[in-house]
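The values are calculated or read from the model by the stated rules, or taken from the named source; none is laboratory data. No experiment lies behind these values; they were computed from the predicted model shown. Quick reminder, even Gly has a Cβ in these numbers, built from the backbone with ideal geometry, and neighbours come from all protein chains shown.
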Amino acid sequence: MRGDSFMRPRIAIPADTLTEATKVINERNADFAPRMAVNAVLKSGGIPIILPNSAPENVTDYIDTFDGVLFLGGFDVDPTFYHEEPHMNLGQTYIPRDRFEIELVKQSLLAGKSIFGICRGMQVINVALGGTLYQDLSEDPAAQMKHSQTSPGNLPTHHVNVESDSRLFTLLGERPYVNSRHHEAVKELAPSLRSVAYADDHVIEAIESIDSDQIMAVQWHPENMYKHYTEMQDLFRDFVKRSEKLATQAPQQPLKIVHKIGEAYPKEYFG
């Protein structure tokens, strides 16, 4: 909880990881955050704070440094975290980021922080709270649309249908036009979450927490669209406002969390 009511909301952004050496960054496993997401937070009135991937037990020390947390896209979530073996079409994974972000979801909820998830971020939130994923959309019998567009990422490619009783509906309306760059998707929803938007083929496109305003997450990439589509900027503005509101009040009733650190996963992941 912030003591200074005039401080702009601080938004944590867990870093992605550059796993290969480059001419610019001459080392492996360099942490970074996409500039478009950072700028979207700044334009919405927040102050971005990039969190490097580290051991999950360090999350407790980070909690008091931010008001809300933004989970972004990246590699596939390792299926070990939802008790599955890797399937044929699973993409690249990075377990250190998974375990850090999963613990960050849980600790942030318990501390009453606001959460916004984008693409992989939505999937991580669902897994952290006990849900599962389709490792590839080819495994979802309902999936009949192209969800990994080849056109530029700032352009929309398909519509989604939004539930009228959702917070998302108040921001985007009934049928927003969105971009799409994913091959994994939510399969079984965690008990404390509900789906609030679907593609025409019924693939889940957005989720929210059931009994609070703490969580909103979308499967598309509004950070790539906000400069030209003002409604996508509204998602970030709403997130920053929620972060500010929750930072000045007592934590809401904690959501049900299925996993406990170290219990559901091999012990070596938490060494």
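Assorted remarks:
- Pairs where the first residue, in the range 203-215, is within 13 Å of residue 124 (Cα to Cα) and the second is in a strand (DSSP E or B) and basic (Lys, Arg), C-beta under 9 Å, 6+ apart: 207/194
- Members of the range 162-181 found to be out of contact with any Pro (no Cβ under 9 Å at 6 or more places or on another chain), at pLDDT 95 or above and not small (Gly, Ala, Ser), listed by number: 163, 165, 167, 169, 170, 171, 172, 174, 175
- Whichever residue in the range 96-134 is touching a strand residue (DSSP E or B) at 6+ places or on another chain (Cβ under 6 Å) and of a type in the set (S, T, N, Q) and, among such residues, is nearest to residue 86 (Cα to Cα): 123
Conditions tested, residue by residue: (1) of a type outside the set (A, V, I, L, M); (2) crowded, with 16+ Cβ neighbours inside 10 Å.
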| site | (1), (2) |
| --- | --- |
| 115 | no, yes |
| 119 | yes, yes |
| 131 | yes, yes |
| 142 | no, no |
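- Selection of the range 234-261 for residues being at pLDDT 95 or above and either under 16 Å from the mean Cα position of the chain (by Cα) or of a type in the set (Lys, Arg) (or both) yields 235, 236, 237, 238, 239, 240, 241, 242, 243.
- Of the residues making up the range 229-244, not one is assigned to a loop (DSSP other than H, G, I, E, B) and under 13 Å from residue 70 (Cβ atoms).
- Looking only at residues in the range 169-222 that are assigned to a loop (DSSP other than H, G, I, E, B) and basic (Lys, Arg), the one that is farthest from the chain's Cα centre (by Cα) is 175.
- Which numbered condition residue 152 misses (of (1) surrounded by 15 or more Cβ atoms within 10 Å (Cβ to Cβ); (2) free of Cβ contacts under 8 Å to residues at least 60 places away in the same chain; (3) assigned to a loop (DSSP other than H, G, I, E, B)): (1)
- Residue in the range 222-230 that is touching a residue at least 12 places away in the same chain (Cβ under 8 Å) and surrounded by fewer than 18 Cβ atoms within 10 Å (Cβ to Cβ) present: yes
- Of the helices (runs of 4 or more DSSP H) lying entirely inside the range 34-147, those containing at least 2 residues that are acidic (Asp, Glu) and in contact (Cβ under 8 Å) with a residue 12 or more places away in the chain span 95-110.
- Residue selected from the range 168-191 under the condition small (Gly, Ala, Ser) and buried (at least 22 other Cβ atoms within 10 Å of the Cβ), by the criterion nearest to residue 139 (Cα to Cα): 185
- Candidate set: the range 22-33, residues that are among the hydrophobic types (A, V, I, L, M, F, W, C), under 18 Å from residue 97 (Cβ atoms) and assigned to a loop (DSSP other than H, G, I, E, B); chosen: the one modelled with the highest pLDDT: 33
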